[in-house]
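Below is one structure; the comments refer to it alone.
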Amino acid sequence: MTKKMKKLLSGNEAIARGAYEAGVSVAAGYPGTPSTEILESLLSYSTTIKVEWSPNEKVALEVASGASLAGARALAAMKHVGVNVAADPLMTLPYIGV
């Protein structure tokens with residue numbers, strides 16, 4: 001009987017691990033504490049995930065939604081105040097079925 005090693009993860013590391021296990025293939029975000037660690041952690045799980053920094057949160061959300069529309073599992077990461085920057089696409093995406 002082998003014991004599984006348990007690893008303590010931060011919340012951001014757990015988000016990255018969950019995204020990896022869910023099959024995310026595209027991740028975009030705008031760097032800034034506390035969300036920076038999500039994309040950095042994703043890089044350590046796989047080289048097959050396309051991870052990129054965007055010029056702002058709006059672009060990050062548009063990259064992720066475009067990938068989703070093309071059939072990829074996608075993740076957009078931003079800090080809470082970045083949701084204000086991404087508000088325009090965030091409010092219209094439900095109408096196009098992303």
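Tabulated results
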read-out	value
Cβ-Cβ under 7 Å pairs, at least 6 apart or on other chains, the stretch 67-83 side over 17 Å from THR33 (Cβ atoms), far side part of a helix (DSSP H, G or I) and among the polar types (S, T, N, Q)	ALA74/SER68
Selection count where residues are assigned to a loop (DSSP other than H, G, I, E, B) and either closer than 18 Å to VAL59 by Cβ or touching a strand residue (DSSP E or B) at 6+ places or on another chain (Cβ under 6 Å) (or both), scope the stretch 1-40	5
Count of the stretch 60-76 residues which are surrounded by 19 or more Cβ atoms within 10 Å (Cβ to Cβ) and small (Gly, Ala, Ser)	6
Subset of the stretch 20-39 (residues that are closer than 15 Å to GLU52 by Cα and aliphatic (A, V, I, L, M))	VAL24, VAL26, ALA27, ALA28, ILE38, LEU39
Filter result (surrounded by 16 or more Cβ atoms within 10 Å (Cβ to Cβ) and either outside any loop (DSSP other than H, G, I, E, B) or modelled with pLDDT under 90 (or both)) within the stretch 80-90	GLY82, VAL85, PRO89, LEU90
Any hit, the stretch 41-50, residues being under 24 Å from ALA86 (Cα atoms) and within 10 Å of the chain's Cα centre (by Cα)	yes
Residues within the stretch 1-59 that are β-branched (Val, Ile, Thr) and crowded, with 16+ Cβ neighbours inside 10 Å, tallied	8
Near pairs, Cβ below 6 angstrom, 6+ apart or cross-chain, from the stretch 26-50 (without any contact (Cβ under 8 Å) to a residue 12 or more places away in the chain) to any residue that is assigned to a strand (DSSP E or B) and buried (at least 19 other Cβ atoms within 10 Å of the Cβ)	LEU43/VAL51
In the stretch 52-79, the residues that are of a type outside the set (Gly, Ala, Ser), out of contact with any Ser or Thr (no Cβ under 9 Å at 6 or more places or on another chain) and not in a strand (DSSP E or B)	PRO55, ASN56, GLU57, LYS58, VAL59, LEU69
Any hit, the stretch 4-18, residues being out of contact with any Phe, Trp or Tyr (no Cβ under 8 Å at 6 or more places or on another chain) and at positive phi	no
Tally, over the stretch 41-51, of residues that are out of contact with any helix residue (DSSP H, G or I) (no Cβ under 7 Å at 6 or more places or on another chain) and not in a helix (DSSP H, G or I)	3
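The values are calculated or read from the model by the stated rules, or taken from the named source; none is laboratory data. Everything numeric here is computed off the predicted structure, so don't read it as measured data. Virtual Cβ from ideal backbone geometry, glycine too; neighbours counted across all protein chains shown.
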